[in-house]
Structures are given as structure tokens and as C-alpha cells.
Amino acid sequence: MPDRIYLSVPHMSGRERAFVDEAFRTNWLSSVGPNLDGFEHDVAHLLGAGTRTLATSSGTAALHLVLRAVGVGPGDRVAVSTLTFAGSVWPILYLGAVPVFLDSEPESGNVSPDLVTEYLRDAARRNALPKVLVAVHLYGQHADVDPIADACRAHGVVLVEDAAESLGATYRGRPTGTTADYAILSFNGNKIITTTGGGMVVTRDGDALARMRKWANQSREPAVEYVHAELGYNYRMSNVLAGIGRGQLCALAERVAQRRAVFDRYRTALHGVPGVTFQPEAAWGTHSRWLTVMFLDPDVAAALPASLIARLEAENIEARPVWRPMHTQPLFAGRETVGGAVADRLYRTGVCLPSSSSLSAEDHARVTSAVLDALSSPR
Ligand SMILES: *Cc1c(COP(=O)(O)O)cnc(C)c1O
């Protein structure tokens, strides 16, 4: 059996170890220290636009903190893209709030500005407005957030960016994570850069960030004694892992370029195969190409996603379906959903191909030839 080719693996820059060793040398092996300060500072500096940051134990934890900070509580509605990973949704449930799932627009797969505008107008009439809308930047493609932000503002809805997959992407020249009042990032092991596991809150709202920092640190009041006036969590990142993050961040631009090159090579190699298309790059920004997403037209292509994925698995290559829409999840049966047919179709027809920034030319060729094989023989 040839070596396994994974969907998306960590890719060290070689600069992480120095930061990690420094943490050991200085005994900053806990939840405070220079790597944390440095990592938070470096990400805020990279994103610019007056943003501040809070490093957390995961992207999901970061979203939990943000939703609580903007006042989400039991019974509140929170609208969120249906075509996403469950990490976008868990924090809504942690707070006892109610998710409302929004359909995608066909090109980018992101939540559609027209649908948002119509949904909010209708929800206002029904007196059923969400408190927050979480816009996910799917697979590294930024949502078309300006018109979404306008619609949210008109109805007093807070817009939050789930930028877990889009670090390094831009929207109309602005970095992802700076196009709404609040954003979250993820440094999980499969993301474009990693701290092995971790996340971050990004916001210009310094007061909110200070509250989130306290909650993430067990809600310890500034006192010598252990005084707690509010509910807390242990959502801190370790200073050791922040050191990995600092070393990773040095290579972010290169990682985006590499993932984009992986995408380009797939598109070139599979050009002209009947029924094959790729997630396009929207006119409004640069795609991080966290994962290459290919679509198979069921009326034309020689294989459907499930059989293609099985064929690749037989060659020890990991490919995955597109996120299964949240409104089709057993846990969320019967939840309020606006549309859903577009996301369903993207799910039925989409395949994520191995997209690591470290994918070698030989491995890339192995994947494309296996894909070509599967798509040139009858089902
Ligand atoms: C990865 C991911 C998250 C969650 O991040 P974790 O760091 O794994 O908790 C949230 N939303 C999306 C869209 C993601 O892809």
C-alpha cells in the first residue's frame, strides 16, 4: 500500500522550535507568557485595522466567548450558514440560544446577501429577528460581507465572522477577520496554520475583549483571593502552543500561496473532464484555498462524490464530502431553516481533495491520476 495522503496536515515552518524552546528555557510553561503576548500581538498586527486579539483553546471556544460578549442568551435566535462545520453552531447551543440555518449562494457556497436581506426583513415583520448572524467563510472563500453587514445594521443584528478557514484570505482588499465587529480564527491541526489546537477572538472592541479574557480565565476577579462574580471557562491557550503559532505565522503568506498552487494544479490537471468544476474564486477577494473543493455534475460526471471518495480511499488517499448542511443533521431536525436547497446540492456534488500546503508534486500527481481514473471509467 502506498503511503497515505491526508486531506490537510500540519506544516511546520522550522521557526516554531525556537519559540517553544524559549518557553522551556524560561519556564513559561503555563497559560501566560511572552509567546502568548507575542502571538496575540503578531496576529493583530498582521490583520491591522485597529484589531485586538485573544488567544483561546479552540475556535469553538472563541465563538462561545464572542456570542456571550454580544449578549446572546437563552431563547435568542442566532442565524448561521447551514453549510459549515459544527463548530460554528455548538456555541449557540452552549448558550441555550436557537440556531436559524441560512442557505448558501451557488457560486461561493457562502451565505447569500440577497437571502439575508430578505430573511431579516421577514423576520423583523414576524418579530423574530436573530440577535447575531454568524457568516462563515467557506473553505477559505470570504463571504460577500458588505451587503450582509448593511442588512444586519439596518435591523440591529450583530455580524460575526467565522474565519476559521479563511486566515490569509481578503475581502475587497481587507484581511479576513476585520470585516465585521467580531471574528474568530481556528488553529486546529487541519487548518492553514496550527498551534496543534487553538483559536482566537479578533475585534476592535477592547471592552468586550477584556470581558472575554476574564471569562476565558475562569472568571477570576482581579483579587488575591479566588473571587468569582460571573460564570467562567478554562479557554486559555498555553504559552508553549502560542510559540508554535508564532513560528507558523511567519509562514502564513507562503502557506496561502502553496495552497493556491495546489488548487491551480488540480484545476489544470482536471481541465476538460466532463462534469467537473471547482469552487470559483469570487470577484470580491482572494481565496485562501484552505481546501480544494471540486464539484461533480451528477448528470455528466462518471462518478458521484461517494464513489470517487471510495476509489481514492482504495488508493490510500483521503478525500471528504463537503460539510453536511446543519439543517440535515439528526441533532438539528426541525430547526428553523431559510432555504437549504443550494447547500443540499453543493453537499451532494462536492468533494474536498487533499490540499496540504506540503503536498509534494509526486503525491499531487498520485491524487490527480486516481481522480482521472475514477472519472473516466463508468460508474
Ligand atoms: C475548524 C472550524 C471551527 C472550529 O474550530 P476549532 O478550533 O476546531 O474549535 C469553526 N468553524 C469552522 C467553519 C471551522 O472550519
The condition of being open to solvent by less than 10 Å² (accessible area, probe 1.4 Å), farther than 26 Å from V262 by Cβ, away from the ligand (no atom under 16 Å from the Cβ) and assigned to a strand (DSSP E or B) holds, among V100, V134, V160, only for V100
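Of the residues R289, R366, R335, which is open to solvent by 10 Å² or more (accessible area, probe 1.4 Å) and assigned to a loop (DSSP other than H, G, I, E, B)? Talk me through it step by step, then tell me what you get.
On the way: R289 fails: open to solvent by 10 Å² or more (accessible area, probe 1.4 Å); R366 fails: assigned to a loop (DSSP other than H, G, I, E, B).
Only one candidate passes the filter, namely R335.
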Given (1) in contact (Cβ under 8 Å) with a residue 60 or more places away in the chain; (2) open to solvent by 40 Å² or more (accessible area, probe 1.4 Å); (3) of a type in the set (G, A, S), number of the condition G75 does not satisfy: (1)
Please find, within the stretch 280-324, the residue that is nearest to R267 (Cα to Cα) out of those that are among the charged types (D, E, K, R) and within 16 Å of the ligand (Cβ to nearest atom). R289
Inside the stretch 63-77, the number of residues satisfying the requirement of being out of contact with any Leu (no Cβ under 9 Å at 6 or more places or on another chain) and within 16 Å of the ligand (Cβ to nearest atom) is 2
Is it true that R255 is touching a residue at least 60 places away in the same chain (Cβ under 8 Å), in a helix (DSSP H, G or I) and surrounded by fewer than 22 Cβ atoms within 10 Å (Cβ to Cβ)? no
Matching option when the condition is open to solvent by less than 10 Å² (accessible area, probe 1.4 Å) and either within 16 Å of the ligand (Cβ to nearest atom) or at negative phi (or both), among T56, T117, T60, T51: T56
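Taking the conditions exactly as written (over 22 Å from I184 (Cα atoms), more than 16 Å from the ligand (Cβ to nearest atom), assigned to a loop (DSSP other than H, G, I, E, B) and open to solvent by less than 10 Å² (accessible area, probe 1.4 Å)), does A128 satisfy them or not? Full working, then the answer.
Working: over 22 Å from I184 (Cα atoms): yes; more than 16 Å from the ligand (Cβ to nearest atom): yes; assigned to a loop (DSSP other than H, G, I, E, B): yes; open to solvent by less than 10 Å² (accessible area, probe 1.4 Å): yes.
It is true that A128 is over 22 Å from I184 (Cα atoms), more than 16 Å from the ligand (Cβ to nearest atom), assigned to a loop (DSSP other than H, G, I, E, B) and open to solvent by less than 10 Å² (accessible area, probe 1.4 Å).
The values are calculated or read from the model by the stated rules, or taken from the named source; none is laboratory data. Here the structure is a predicted model, which is why all the values come from computation and not from measurement. All Cβ positions, glycine included, derive from the backbone under ideal geometry; neighbour counts span all protein chains shown. What goes into the accessible areas is simple: the full protein's heavy atoms, side chains included, and nothing from ligands, DNA or RNA. Shrake-Rupley method; radii C 1.70, N 1.55, O 1.52, S 1.80 Å.
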